[in-house]
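The values are calculated or read from the model by the stated rules, or taken from the named source; none is laboratory data. Because the structure is a prediction, the values reported are computed rather than measured. For neighbour counting, all protein chains shown are included, and Cβ atoms are generated from backbone atoms with ideal geometry for every residue, glycine included. SASA here: full protein model, heavy atoms, side chains in, ligands and nucleic acids out. Shrake-Rupley method; radii C 1.70, N 1.55, O 1.52, S 1.80 Å.
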Amino acid sequence: MCPSQVLTGTILLADDNLANLELLSGMLEVEGYHVLCVLDGRQALDILRTNSIDLALLDVMMPERDGFVVCHEIKSNPETRLVPVVLVTALTGSADRIRGIECGADDFLSKPINREELLARVRSLLRLKQFTDDLESAETVLFSLALSIEAKDPCTEGHCDRLSMYSVALAEQLGV
């Protein structure tokens, strides 16, 4: 067993079954995670718009919008696309898993939930989310630094923007 790294985070838990919500949220809260629970897909999307979420655990079969639709909407939105999504399902067919992958799911958990598997996947995905957040932060710092350096010289002002536009145009011409 690898040494465990203590990670905290906010986890969105969406399931229309109250017993499942209580069971999963209890498992996660006892480990120190902040858990936001909702009963359907529409509420899940509302929470994502108004809260900083580190991981989403979505039941596949929910009213309003099912887990596949919610997952697709999360991954299609530039503001939430990096939030890891785990589809929690009793569905066992490969067609359902393929559909989940096509919707952008990062992982799957089969019901009934195994506590150790749940916690291992949560830790792994939160660690990955932390890495991507760190990279996003480093990217922001680098761009800010480049723009501030560029602004100091009137001859190079706007160079980064022009370079970016040329790169995009070249990529489009190459079909990348």
*asked:* Apply the Karplus curve 6.51 cos²θ - 1.76 cosθ + 1.60, θ = phi - 60°, to the phi angles in region 162-175 and return the couplings in whole Hz, x for Gly and Pro.
replied: 5, 4, 4, 4, 5, 5, 5, 4, 5, 4, 5, 5, 7, x
*On the accessible surface of the chain, probed at 1.4 Å, how many percent belong to carbon and sulfur atoms?*
57
*Treating the angle as unsigned and between 0 and 90°, give the value, to the nearest 10°, between the Cα long axis of helix 94-103 and the longest Cα principal axis of the chain.*
30
*Can you bin region 1-135 into rounded, prolate or oblate? Criterion: square roots of the alpha carbon gyration tensor eigenvalues sorted a ≥ b ≥ c, rounded for a/c under 1.5, prolate for a/b above b/c, oblate for the rest.*
rounded
*Just from its helices, what would the mean residue ellipticity at 222 nm be for the chain, if runs of 4 or more DSSP H residues each count -39500 (n - 2.57) and the sum is divided by every residue, rounded to the nearest 500 deg cm²/dmol?*
-18000 deg cm²/dmol
*asked:* Can you tell me the orientation of helix 41-50 relative to the chain, as the angle in degrees between its alpha-carbon axis and the longest Cα principal axis, to the nearest 10?
replied: 40
*List the residues whose amide H sits under 5 Å from the amide H of Leu82, counting only those 5 or more places along or on another chain, with H placed 1.01 Å from N in the peptide plane.*
none
_Karplus 3J(HN,Hα) series, Hz, for region 29-38 with 6.51 cos²θ - 1.76 cosθ + 1.60 (x for Gly, Pro)_ = 5, 5, 8, x, 7, 8, 10, 10, 9, 9
_Rounded to the nearest 20 debye, what is the charge dipole size of region 1-108 about its Cα centre when +1 sits on each Lys and Arg Cβ and -1 on each Asp and Glu Cβ?_
280
*When the solvent-accessible surface of protein heavy atoms is calculated with a 1.4 angstrom probe, in what order do Asp46, Asp59 fall, highest first?*
Asp46, Asp59
*Write down the accessible area per residue of the chain in Å², having rolled a 1.4 Å probe over the full set of protein chains.*
61
*Amide H neighbours of Asn77 under 5 Å, counting only residues 5+ apart in sequence or on other chains, H built in-plane at 1.01 Å?*
none
*asked:* Charges at C-beta only: +1 for Lys and Arg, -1 for Asp and Glu. How large is the resulting dipole of region 14-67 about its Cα centre, in Debye rounded to 20?
replied: 180
_Per-residue ³J(HN,Hα) for region 104-118, Karplus 6.51 cos²θ - 1.76 cosθ + 1.60, θ = phi - 60°, Hz, x for Gly and Pro_ = x, 4, 8, 6, 9, 10, 9, 7, x, 6, 8, 4, 5, 5, 4
*Check Val35: other-chain or 5+ apart residues with amide H under 5 Å from its amide H, H built from backbone geometry?*
Ile11
